[in-house]
Structures are given as C-alpha cells and as structure tokens.
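Asker: Handing you a structure now.
The values are calculated or read from the model by the stated rules, or taken from the named source; none is laboratory data. This structure is a prediction, so every number in the text was calculated from the model and none was measured. Virtual Cβ from ideal backbone geometry, glycine too; neighbours counted across all protein chains shown.
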Amino acid sequence: MTQELHQLLLKYYGPGGRYGIYPGLSHWQSNLQTGQWMSHVKDNYSPEEGVDLYIHIPFCESLCTFCGCNIKVTRDHSEENTYINKLLSEWAEYKNKIKTPVIRSIYIGGGTPSYLSIDSLNFLLEGLLKDVSLHHDFHGTFEADPRSLNKDQVKAIKKFGFDRVSLGVQDFNQKVLDNVNRSQSLEIVKQNTTMIRAEGINEVFYDLIYGLPYQTKDSFNDTIDKLKELNPDGLSLYPLAHVPWQKKAQKAFGIYEPLNINEKISLFISANDKINKMNYQALGMNTYVQTDSVFINKKKKKELKRTVMGFMSSRSNILIGLGVSAISHTPTSMIQNEKIYSKYLNASHLNNSIYFKSHLKTNREKLLLPIFEKLICNSFLSKSDLEELDLWNKTIEIFIKLEQDGLVEVKKEGLYVRPLGIYFFKNICQIIERASLS
Ligand code: SF4
C-alpha cells in the first residue's frame, strides 16, 4: 500500500480546502445586510439543537515561525481582561437575540488559550456560561501549548465540563523545534499528558506537523514512535502550509527550505504507516483516533459530524465564533469576525462593523455542505443524495476512474469510499463541487 499510496498522493496532489465550511472563505461575497446575520441565528436556533461556540484567544508569548493562525504575540498579560470583556460583550449581543441559549459544545482555540491566567480563564468561562444552559450531550475542547498549560487551568476547564485538551506538540525533535522558535521538550509534553489525565479529562489529542525544515524520515519516525508511550487519544497530522509570501515569519526558516512534495509525501506515508500499526484508525482529513474511540463508534452508526474545527461527536446547526477572526456559521449564512485585533475591540454586530467577511449561501451551497459532511463522516454517499442535486450522472464517469485507482467503489446504492480513499476526501469533494457548477 505504501508505494501505491505515494503514487496516488502525487497523482492527486493539488490545492483545495477542507470542506469543513462551504463555500471556502475566498468565495464569500460579503453580501449580508445589517441585522441579517443575527436574524439567521435566531431563526435557525432551537433549544433541542442548541449552539456550538468557538472562542478565539489570539495571544501567544512567542512566534513559532511556521504558524498560520491569527495571533497577537505579546507578553503583556494586562491585555487579557480587555479582550475577554470584549468577547463577552459580543456574546451578550447574541444572548439578546437568543434568551438562555443551550450550549452544545465549546471549543477554545487560538493562538494560545493556555496563555490566559487562571483568573482570566475563570472570568471567561463564568461569563460564557452565565444565563445559559448546557446541552445533555455537552462537550468542551481546550487547545493548549504544553509550555504554558498548568494544573489550575485544567482543573478550571474540568469544573466547567470540558472533556478534551488538544496539545500543540508539532514534533519531538529538538533541532526541528528550535529552528521554528518553539523550545518545548518531550518531558513537558509527557508531564502535561499525565497531568491532564490525572485531573479527569477524558481525551488528550496531539497536533503534529510534517514538512518542517530539518525533519527527516528518521527524525519524524522517532517522533511517531514516542507516541506509543504517550498514547494520546487522537492525533492531527497536518502538512506544513509553506506560504512565506503570506506569512513573513516563514522566511526565518533560513537557508533550509521546507521539504519538497516528494519528501513531504514520504514523511507522511511513513508516519501514517506507523500510526495505523498502533492502536489508531485514520478518519481522513489528517485525523487519527484510537480504535475504541467515541468517534469510531459514531462513524459506525453514521452519526459522526464535522465542522470547521474538524470531526465532532455531535454538533448543532449553529456555530457561533467569538473573538477576533472567528468564523460563525448557520445553514443560511456565514460570517468571519474582524481579523485586526484593534478593530475587533471596537466593533459590533449592531452596525455590521464586526464582520470582516460575510456570505449568504445560495441554494446549491446550502445543499452541498451536508453532502460533504456525509461523505467525509460516513465514507458513503447514497445515489439518492447525489441524484437530488442532479449529480449522480454528472459524476459517475469520474468516480469510475477513481474506482480503478482503488479509492472508491461505485455500487447501485451509492458511492463507497474505500480505506485508501479516505486520504482523498478533498479530491472527491472537489469532483462533486465542480459537477454542481457545470
Ligand atoms: S503555533 Fe500556536 S503557539 Fe505557536 S505562534 Fe502559532 S498559535 Fe502561537
């Protein structure tokens, strides 16, 4: 499979989004009128479904030179309060529209959520959960930097019902980490993992990145081998997005250029082989979970869900993103908050000044997102799903070609994604998307 997968990854290599939202940001029309977004939130809300919250904490104490996130590098912690106050006032604008909302999930990402002092974190969580109720299936995820996470923070999130910490591990090789300005030891990741579990948080996920300068097959294999002992519940294995024209810090890679596509694929395949031989199953879209995980269970029952944050065991129809650059989503429309920190602090939903971008979905776009979600979460699309959009006949010939490559199986009842095909979800979604435009 290794050689075959390498050839196929090369053959199908190309740009494209992750289909966690649709359409992707570059296609948004910024065509929402004042007040329209809040009406959509209100109209799509039901207490049974609840809402999902994404909270963006942009602060980082130092800059990792590979980073593509919207961040504010500062060691001045006095800014935390101003920011959280603003974030909570944004949340209050939503709570004016939906009284006592039911919260289905909270995902605190960044930047670095573990940058926050314990007082700031408690202030944030208390503010978020004031005058709301929690959904019976509530889940909470907290992204953390192993260099700043502490026991008090873990105790605080546990108290508020969070059940997952996602640790930014990236790599265990010191030379690779030092070169991207991230001094972080294996020991600290180990200590964090043990501490999170001892505090009763059920799931510890790791983020890893491949394609960094100085990474070799041997060095990255060594990183993957260390997972055996640490035993995280899930992994994200992201390729480096090398875009120095957008992210100037990437120029700090110096004379060592990131790996070329062949080297990058080799690194991925070797890591993927090792991970699959451990107690993990690939879900696709760079995600691996332990074989007895709730995600696998949900996938078997065709109940797995997906949002812009990745796979979820459950989700509502509404994602409310709070904070600078955060993305929000309803079945009808989407917005992205102001991306410039100082502008976000002074912006509001009342006059639309908070929106960096917005998008009112077309009927085609409204129907396509659930199709992409079903495909990626269930590895199956029924013929009727595609026929409803008049896409079965338009795609069948292309899917037969993919079948010859062993990626899918076309049957009379629909399209099955084969185990090899889960590495090509993006390509399959692109085929459907292009057909929908023809
Ligand atoms: S990788 Fe994480 S810690 Fe590093 S700069 Fe980006 S958001 Fe901050």
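Asker: G200 passes all but one of (1) part of a helix (DSSP H, G or I); (2) in contact (Cβ under 8 Å) with a residue 40 or more places away in the chain; (3) loosely packed, with under 15 Cβ neighbours inside 10 Å; which number fails?
Answerer: (1)
Asker: Next question. I need the full set of residues from the stretch 51-64 which are more than 9 Å from the ligand (Cβ to nearest atom) and either in contact with an Asp or Glu (Cβ under 9 Å, 6 or more places away or on another chain) or part of a helix (DSSP H, G or I) (or both), in order please.
Answerer: Scanning the stretch 51-64 gives a single hit, I57.
Asker: I'm checking my understanding of the structure. Among residues of the stretch 103-118 that are of a type in the set (G, A, S) and under 15 Å from L128 (Cβ atoms), which one is farthest from the ligand (Cβ to nearest atom)?
Answerer: The selected residue is S105.
Asker: For a quick check of your reading of the model, give me the residue pairs whose first member lies in the stretch 347-367 and is under 9 Å from N337 (Cα atoms) and β-branched (V, I, T), whose second is in a helix (DSSP H, G or I) and at pLDDT 90 or above, with beta-carbon atoms closer than 9 Å and at least 6 apart or on different chains.
Answerer: Short answer, once both residue conditions are applied: I354/E90; I354/E93; I354/K343; I354/Y344.
Yes/no matrix, rows are residues, columns are (1) of a type in the set (D, E, K, R); (2) over 20 Å from V308 (Cα atoms); (3) under 21 Å from the mean Cα position of the chain (by Cα):
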{"site": "M334", "(1), (2), (3)": "no, no, yes"}
{"site": "K343", "(1), (2), (3)": "yes, yes, no"}
{"site": "K361", "(1), (2), (3)": "yes, no, no"}
{"site": "E373", "(1), (2), (3)": "yes, no, yes"}
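Asker: Moving to a separate point now. Please work out if Y115 is of a type in the set (F, W, Y), touching a helix residue (DSSP H, G or I) at 6+ places or on another chain (Cβ under 9 Å) and surrounded by fewer than 23 Cβ atoms within 10 Å (Cβ to Cβ).
Answerer: no
Asker: State which residue is farthest from N262 (Cα to Cα) when the search covers only the stretch 1-27 and only residues that are part of a helix (DSSP H, G or I) and charged (D, E, K, R).
Answerer: Ranking the qualifying residues of the stretch 1-27, first place goes to E4.
Asker: Of all residues in the stretch 154-177, which are within 15 Å of the ligand (Cβ to nearest atom) and part of a loop (DSSP other than H, G, I, E, B)?
Answerer: The one that is within 15 Å of the ligand (Cβ to nearest atom) and part of a loop (DSSP other than H, G, I, E, B): D171.
Asker: Go through the stretch 80-102 and count every residue that is assigned to a loop (DSSP other than H, G, I, E, B) and either more than 15 Å from L319 (Cβ to Cβ) or within 13 Å of the ligand (Cβ to nearest atom) (or both).
Answerer: 2
Asker: Now for a separate question. Hey, could you check the stretch 251-298 for residues that are touching a strand residue (DSSP E or B) at 6+ places or on another chain (Cβ under 9 Å) and charged (D, E, K, R) and say which is modelled with the lowest pLDDT?
Answerer: Here the residue is K264.
Asker: Scan the stretch 65-79 and give yes if some residue there is within 22 Å of A144 (Cβ to Cβ), in a strand (DSSP E or B) and within 15 Å of the ligand (Cβ to nearest atom), otherwise no.
Answerer: Scanning the stretch 65-79 turns up at least one residue that is within 22 Å of A144 (Cβ to Cβ), in a strand (DSSP E or B) and within 15 Å of the ligand (Cβ to nearest atom).
Asker: May I ask you to list the residues in the stretch 4-58 that are in contact with a Gly (Cβ under 7 Å, 6 or more places away or on another chain) and among the aliphatic types (A, V, I, L, M)?
Answerer: Answer for the stretch 4-58, where residues must be in contact with a Gly (Cβ under 7 Å, 6 or more places away or on another chain) and among the aliphatic types (A, V, I, L, M): I55, I57.
Asker: Counting only residues that are among the aliphatic types (A, V, I, L, M) and surrounded by 18 or more Cβ atoms within 10 Å (Cβ to Cβ), which one in the stretch 414-430 is farthest from L381 (Cα to Cα)?
Answerer: The residue in question is I422.
Asker: Something else now. For the stretch 132-141, check the following and say yes or no: at least one residue is assigned to a helix (DSSP H, G or I), on the phi < 0 side of the Ramachandran plot, at pLDDT 95 or above and touching a helix residue (DSSP H, G or I) at 6+ places or on another chain (Cβ under 7 Å).
Answerer: Checking the stretch 132-141: not a single residue is assigned to a helix (DSSP H, G or I), on the phi < 0 side of the Ramachandran plot, at pLDDT 95 or above and touching a helix residue (DSSP H, G or I) at 6+ places or on another chain (Cβ under 7 Å).
Asker: Look through K190, K175, K247 and report the one residue that is over 24 Å from N276 (Cα atoms) and surrounded by 14 or more Cβ atoms within 10 Å (Cβ to Cβ).
Answerer: Step by step, each of K190, K175, K247 is checked, and only K247 is over 24 Å from N276 (Cα atoms) and surrounded by 14 or more Cβ atoms within 10 Å (Cβ to Cβ).
Asker: Exactly one condition in (1) farther than 17 Å from T330 by Cβ; (2) touching a helix residue (DSSP H, G or I) at 6+ places or on another chain (Cβ under 9 Å); (3) of a type outside the set (A, V, I, L, M, F, W, C) is false for Q7; which is it?
Answerer: It fails just one condition, (2).
Asker: Could you tell me whether any residue of the stretch 35-46 is in contact with an Asp or Glu (Cβ under 6 Å, 6 or more places away or on another chain) and modelled with pLDDT of 95 or more?
Answerer: Checking the stretch 35-46: not a single residue is in contact with an Asp or Glu (Cβ under 6 Å, 6 or more places away or on another chain) and modelled with pLDDT of 95 or more.
Asker: For the stretch 214-231, does any single residue satisfy the condition of being of a type in the set (G, A, S) and at pLDDT 95 or above?
Answerer: Within the stretch 214-231, one or more residues are of a type in the set (G, A, S) and at pLDDT 95 or above.
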